[in-house]
1. Right, A69: part of a loop (DSSP other than H, G, I, E, B), among the aliphatic types (A, V, I, L, M) and out of contact with any Cys (no Cβ under 7 Å at 6 or more places or on another chain) or not?
2. Is it true that some residue in the range 18-28 is surrounded by fewer than 24 Cβ atoms within 10 Å (Cβ to Cβ), touching a residue at least 60 places away in the same chain (Cβ under 8 Å), hydroxyl-bearing (S, T, Y) and outside any strand (DSSP E or B)?
3. Those residues that are surrounded by 14 or more Cβ atoms within 10 Å (Cβ to Cβ) and among the basic types (K, R), I need them from the range 170-192; list them, please.
4. Out of A189, A158, I need the residue that is hydrophobic (A, V, I, L, M, F, W, C), part of a helix (DSSP H, G or I) and either touching a strand residue (DSSP E or B) at 6+ places or on another chain (Cβ under 8 Å) or closer than 27 Å to A112 by Cα (or both). Which one?
5. Across the range 122-155, what is the total count of residues that are closer than 22 Å to D187 by Cα and assigned to a strand (DSSP E or B)?
6. Looking only at the range 161-183, count every residue that is under 17 Å from E134 (Cα atoms) and either in a strand (DSSP E or B) or in contact with a Lys or Arg (Cβ under 7 Å, 6 or more places away or on another chain) (or both) and tell me the total.
7. Have a look at T55, T85, T5 and point out the one that is more than 18 Å from V225 (Cα to Cα) and assigned to a helix (DSSP H, G or I).
8. State which residue pairs qualify: first residue free of Cβ contacts under 8 Å to residues at least 40 places away in the same chain and buried (at least 24 other Cβ atoms within 10 Å of the Cβ) and inside the range 49-68, second residue assigned to a strand (DSSP E or B) and aliphatic (A, V, I, L, M) in any location, beta carbons under 9 Å apart, and separation of 6 or more residues or different chains.
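The values are calculated or read from the model by the stated rules, or taken from the named source; none is laboratory data. Keep in mind the model is a prediction, meaning the values are calculated, not measured. Here Cβ is always computed from backbone atoms with ideal geometry, including for glycine, and neighbour counts include all displayed protein chains.
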Amino acid sequence: MSSQTHEIRSMTVLPARREDVELHTADGLTLVGELALPRDRDPVATLLTLHPLPTHGGFMDSHVYRKAAWRLPALADLGVLRFNTRGTSSPRGTSEGAFDGGEAERYDVAAALELAEFRELPRPWLVGWSFGTELVLKHGADPSVEGAVLLSPPLHRATDADLDRWAQFGRPLVVLVPELDDYLRPDEARRRFARVPQAEVIGVDGAKHLWVGEPAVRRVLDEIVQHVLPGHPPLPTTWDGDVAHAGAAAATTPGAPSTTA
């Protein structure tokens, strides 16, 4: 580590308290994850992240979530929980159970919420990406949740009934839709999400489903922070102080799913 001004790059890891955690589901499974918290203070809010489709490369280390955990505890005082849903593997380990297409994963979402409650993590927000957005819409309308952010929602498994349930739930729903998404583009997303009065659909010019590239990642992280913490200044692109850099293993670990949602 070194103490000076550093540009925040794709492999920059800012200071935080990071610990491996286990989540325990109501149907008897143990899921593996990581909780990242601000280094020397309590978080002001918490992101509970739900990763893309595990059968096509999604896992807790999918690159947007990995960078959220590396940056947001230091830059925005946010806690970030990442975990592998049932049957999913990553360098952290393999969660028990088997992929169930978004149905039994209801217990995984509940286990994340229970961990947040047990650890007294404040102001939980769900963040879903691709398949993870389906889990948010189908299983995330819990009274403890303050709101949700959806990244590249395909709306394959989530139905109008799920959207209506979220509309009745009444909590904020922020929907980031890439202009060049493979499944659902901004105009169609606005039509589909119109049945959720509190949904804010944000089309992102030039972006694709996988949010590849540092500009795309920064846009996503900025939008998350601005909605979870209204009035927060834009995230800085430099850091004054100690940093670490992810090693070769992290750099070569698949960081995003394939384009099958």
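1. no
2. Yes: one or more hits.
3. Listed by number, the residues that qualify are R171, R185, R190, R192.
4. A189
5. 7
6. Residues that pass the stated criteria total 11.
7. T55 is the lone residue from the list that is more than 18 Å from V225 (Cα to Cα) and assigned to a helix (DSSP H, G or I).
8. From residues that are free of Cβ contacts under 8 Å to residues at least 40 places away in the same chain and buried (at least 24 other Cβ atoms within 10 Å of the Cβ), the pairs are M60/V32.
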